[in-house]
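Some notes on the structure that comes next.
The values are calculated or read from the model by the stated rules, or taken from the named source; none is laboratory data. Just so it is clear, the model here is predicted, and its values are computed rather than measured. We place every Cβ from the backbone using ideal geometry, glycine too, and count neighbours over all the protein chains shown.
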Amino acid sequence: MDYLEQLNSPQREGVENLEGPTMIIAGAGSGKTRVLTYRIAHLIRSKNVDPFSILALTFTNKAAKEMRARIESVAGTDARNLWMGTFHSIFARILRSEADKLGYPSNFTIYDTDDSKSLIRNIVKEKGLDDKVYKHNLVYNRISGAKNNLISWQNYLNNPLYISEDEQALKPKMGIIYKEYVERCFRSGAMDFDDLLFNTNVLFRDHLDVLNKYQQRFKYVMIDEFQDTNISQYLITKRLASVHQNICVVGDDAQSIYAFRGANIQNILNFEKDYPDLRVIKLEQNYRSTQNIVNAANSVILKNSAQLQKNIWTDNDNGELVNLIKSTSDNEEGRLVASSIFEDRNNKKLENRDFAILYRTNSQSRSMEEALRKMNIPYRIFGGLSFYQRKEIKDLLSYLRFVINPNDEQSFRRIINLPKRGIGASSVDKIIVAGFENDMGIFEVLENIRKFISGRTANAVENFVTLIKTFKIKLERADAYETAAFIAKQSGLLRDLYDDKTIEGLNRYENVQELLNAIKEFVDTPEQEDKSLEAFIADVALLTDANKENPADTDYVNMMTIHSAKGLEFKHVYVVGMEEDLFPSQMMLNSRADLEEERRLFYVALTRAMEKVTLSYALTRYRFGRLKSCEPSRFIEEIAPEFVKVDRKFNNSEPMGKLNSGQGNSFYARNLVAQRKAENKVPPGKKLHTPSPDFAPSDTRKLDTGMRVEHPKFGFGDVKKMDVEGANRKATIEFENFGEKTLLLTFAKLRIM
Ligand code: ATP
Ligand code: MG
């Protein structure tokens with residue numbers, strides 16, 4: 001068989017021995033996923049096994065898709081009928097066909113996290129409990145944790161451990177909320193994410209006929225990334241495989257990176273106990289990476305005490321040493337990484353898709369994205385949205401936009417009830433319609449709300465108007481950063497995110513902080529003369545608008561968190577933000593176990609690379625609006641030094657001029673905004689003018705020397721000179737407070753006095 005020849009002998013053992021339990025725990029890049037893929041192909045092609053009887057569980061949808069394509073290429077289109085996907089997707093499918101057994105409709109709704117949280121909020125309110133004690137995020141986490149440990153509300157209410165924990169935390173009603181939450185979901189015919197696993201366990205536990213049916217159906221069960229399964233997932237597969245015992249799991253304890261979500265490495269050890277006839281296969285040859293990368297990764301993981309012994313080697317070339325880029329700031333880091341990609345791509349004739357930029361937290365994508373955009377390098381963010389598309393970023397930007405322009409309907413719709421202030425969709429529509437009908441701007445309607453709406457909603461709107469007015473005052477008096485930070489705080493947006501202690505919540509909080517950092521950096525840039533929020537928003541408009549990607553174009557630089565890179569491979573990998581407190585993350589320094597999980601994450605990052613790894617760190621970075629100096633990550637030093645080198649070119653000790661003189665440099669910083677900025681220069685220390693209340697630019701065709709004008713920002717001035725240059729008319733105006741300026745009349749908004 002041709003495909004069997006593409007395997008080494010232990011891999012072949014894994015592919016050809018189809019009966020009985022098998023476990024492959026082996027290092028990165030050793031072909032574990034390949035074994036699973038070929039094993040499935042082999043079952044279908046050589047053993048004529050019906051694809052309907054094969055169940056393959058992967059960690060992400062992307063992995064499932066890739067695996068399916070690979071299997072089809074070996075075994076043909078029959079492979080389409082495989083049961084392959086993530087735990088959640090496969091068991092949602094099974095639950096749909098068995099829903100009646102559990103009393104659910106087969107078209108049950110799946111609640112996402114937001115749905116669940118808002119239900120919890122309602123329950124807390126209805127029960128008259130204090131929502132500052134029973135914060136919805138906290139309650140949600142508590143319930144989710146219980147479900148993932150297979151603790152039903154009945155068990156919860158009878159479990160002394162949970163009871164005493166809740167009492168100590170002064171939240172004795174937690175179990176009651178859990179009960180009500182489950183009952184309400186049930187009555188709504190809805191399951192949340194955790195229910196998909198929890199209810200599958202219930203289904204298989206209480207309905208042996210159903211269990212038996214699936215045990216008969218799935219003659220072969222396979223799990224990739226086994227090290228990251230939790231107890232609930234483990235039990236489901238154990239039940240399913242208990243008749244045929246044809247279960248094959250592959251994984252790598254050194255890549256276990258989801259302990260924080262309840263994944264349990266103990267599952268690997270249990271597996272040996274649960275299946276005494278287990279066939280254990282070792283894979284030691286790495287096919288993915290160069291010698292230097294394999295050795296560098298091995299030298300790092302050795303520092304962990306809790307690791308199964310492995311001996312990974314490769315036949316591949318030595319390749320390049322791990323490359324180190326040092327920059328002075330995070331924005332410079334973005335530029336250096338983008339330039340380095342640009343050069344390697346051209347010099348080595350690579351495609352964009354051969355590159356990946358990996359980071360520890362989502363918020364780090366911002367400086368990378370901006371640099372790639374400036375250099376016209378297309379990129380795509382996996383497992384998430386690009387920075388300026390993220391909900392929390394759009395939310396804050398909408399506030400900022402609305403304060404600048406309180407007639408902006410889109411921003412208005414986004415923020416009027418955010419955080420919740422009891423202004424519903426129908427009131428919002430009324431406001432918009434009132435604006436249309438009376439030819440009023442949105443803010444004018446809001447200011448006169450009692451003419452259109454009465455009662456509680458009107459009160460809420462009035463409070464909102466007061467809030468926006470406070471923001472407007474700030475806007476006039478302070479720079480972009482102070483204004484934005486003030487708005488983020490006083491609007492309640494930051495507080496809402498801060499209270500959310502889930503991983504997602506934390507991520508969102510960090511993103512908003514990162515936006516504030518970007519604004520601070522903008523304000524602190526010496527060449528940036530106009531430090532107003534308006535100037536920043538004009539800048540950002542171009543960034544958010546830059547999604548002019550051609551969907552047919554598939555050649556992108558890959559950007560993602562290290563967590564989402566698991567199982568994938570790329571020719572060149574950049575791991576950015578290699579600094580203490582960022583990676584390892586500050587939150588993971590509390591215990592040795594946490595630090596070891598961070599180190600495994602670093603191991604995952606290094607082992608994604610086939611040909612070259614570049615680590616990069618910045619000496620300073622804005623955190624919480626302050627420029628902080630950073631120390632290089634301890635992980636850099638943990639790589640045995642013979643496998644690392646400092647990049648000679650992309651390094652901050654090189655004068656920037658030299659860097660900028662290459663081909664890539666026409667991309668730097670020269671963008672449309674610059675023009676607009678030239679018009680808006682504010683000398684340091686000068687406040688922009690607040691236009692007269694009735695400011696409306698008049699027709700500048702009539703403008704002539706000697707006339708007195710008002711400019712929305714520079715205030716009053718006298719026209720000294722008029723010029724015509726091609727199609728452009730320009731006026732040189734002596735402003736009282738800002739001195740002489742030459743303005744293009746197509747852009748300048750001037751009022752003739
Ligand atoms: P990870 O731990 O990162 O998930 P893995 O053990 O699943 O890695 P694979 O992704 O299956 O490893 O394989 C790594 C790379 O090596 C892939 O590009 C794969 O095609 C290649 N490979 C695996 N086995 C062989 C082989 N016997 N001959 C040639 N290439 C191989
Ligand atoms: Mg794999």
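Quick notes on this one:
- Among residues of the range 37-82 being among the polar types (S, T, N, Q) and touching a Phe, Trp or Tyr at 6+ places or on another chain (Cβ under 8 Å), the one that is nearest to GLN245 (Cα to Cα) is SER53.
- Helices (runs of 4 or more DSSP H) fully within the range 1-83 that include at least 3 residues being surrounded by fewer than 20 Cβ atoms within 10 Å (Cβ to Cβ) and within 16 Å of ligand 2 (Cβ to nearest atom): 61-75.
- Among residues of the range 732-745 that are farther than 9 Å from GLY717 by Cα, those with a Cβ under 7 angstrom from a residue that is polar (S, T, N, Q) and not in a strand (DSSP E or B), sequence gap 6+ or separate chain, pair up as LEU745/THR700.
- Some residue of the range 402-420 being of a type in the set (Ser, Thr, Tyr), closer than 30 Å to VAL445 by Cβ, at pLDDT below 90 and not in a loop (DSSP other than H, G, I, E, B): yes
- Residue in the range 177-192 that is at pLDDT 95 or above, more than 16 Å from ligand 1 (Cβ to nearest atom), out of contact with any Lys or Arg (no Cβ under 8 Å at 6 or more places or on another chain) and outside any helix (DSSP H, G or I) present: no
Conditions (1) in contact (Cβ under 8 Å) with a residue 60 or more places away in the chain; (2) more than 16 Å from ligand 1 (Cβ to nearest atom); (3) under 24 Å from the mean Cα position of the chain (by Cα); (4) buried (at least 22 other Cβ atoms within 10 Å of the Cβ), marked per residue:
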{"residue": "PHE602", "(1), (2), (3), (4)": "yes, no, yes, yes"}
{"residue": "ALA605", "(1), (2), (3), (4)": "yes, no, yes, yes"}
{"residue": "ALA618", "(1), (2), (3), (4)": "yes, yes, yes, yes"}
{"residue": "GLY625", "(1), (2), (3), (4)": "yes, yes, yes, no"}
{"residue": "CYS630", "(1), (2), (3), (4)": "no, yes, yes, no"}
{"residue": "PHE635", "(1), (2), (3), (4)": "yes, yes, yes, yes"}
{"residue": "ALA640", "(1), (2), (3), (4)": "yes, yes, no, no"}
{"residue": "VAL644", "(1), (2), (3), (4)": "yes, yes, no, no"}
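- Pairs are defined by a Cβ separation below 8 Å, a sequence spacing of at least 6 or placement on different chains, a first member in the range 421-445 that is surrounded by 14 or more Cβ atoms within 10 Å (Cβ to Cβ), and a second member that is part of a helix (DSSP H, G or I) and of a type in the set (S, T, N, Q); the pairs so defined are ARG421/ASN463; ILE423/THR457; SER427/THR457; VAL445/ASN438.
- Among the residues making up the range 1-38, those that are among the polar types (S, T, N, Q) and either away from ligand 1 (no atom under 11 Å from the Cβ) or free of Cβ contacts under 8 Å to residues at least 12 places away in the same chain (or both) are SER9, ASN17, THR22.
- Test: MET610 is out of contact with any Pro (no Cβ under 9 Å at 6 or more places or on another chain) and surrounded by fewer than 24 Cβ atoms within 10 Å (Cβ to Cβ): yes
- Residue count for the range 90-106, restricted to those that are loosely packed, with under 15 Cβ neighbours inside 10 Å and of a type in the set (Ser, Thr, Tyr): 2.
- Residue match in the range 117-129 (condition: within 16 Å of ligand 2 (Cβ to nearest atom) and part of a loop (DSSP other than H, G, I, E, B)): no
- Within the range 323-350, being surrounded by fewer than 23 Cβ atoms within 10 Å (Cβ to Cβ) and of a type in the set (Val, Ile, Thr) holds for one residue alone: THR328.
- Taking each residue of the range 517-534 that is modelled with pLDDT of 90 or more and looking for partners that are hydrophobic (A, V, I, L, M, F, W, C) and assigned to a loop (DSSP other than H, G, I, E, B) with beta-carbon atoms closer than 8 Å, six or more apart or interchain, yields ASN517/PHE624; LYS531/VAL682; SER532/VAL682; SER532/LEU688.
- Some residue of the range 585-593 being more than 16 Å from ligand 1 (Cβ to nearest atom), at pLDDT 95 or above and not β-branched (Val, Ile, Thr): no
- Listed by first and then second residue, the pairs with beta-carbon distance under 9 Å, at least 6 apart or on different chains, first residue in the range 249-260 and touching a residue at least 24 places away in the same chain (Cβ under 8 Å) and within 13 Å of ligand 2 (Cβ to nearest atom), second assigned to a strand (DSSP E or B) and among the polar types (S, T, N, Q), are VAL249/THR22; VAL250/THR22.
- Candidate set from the range 197-247 (those that are assigned to a strand (DSSP E or B) and under 32 Å from the mean Cα position of the chain (by Cα)); member that is farthest from ligand 2 (Cβ to nearest atom): ASN230
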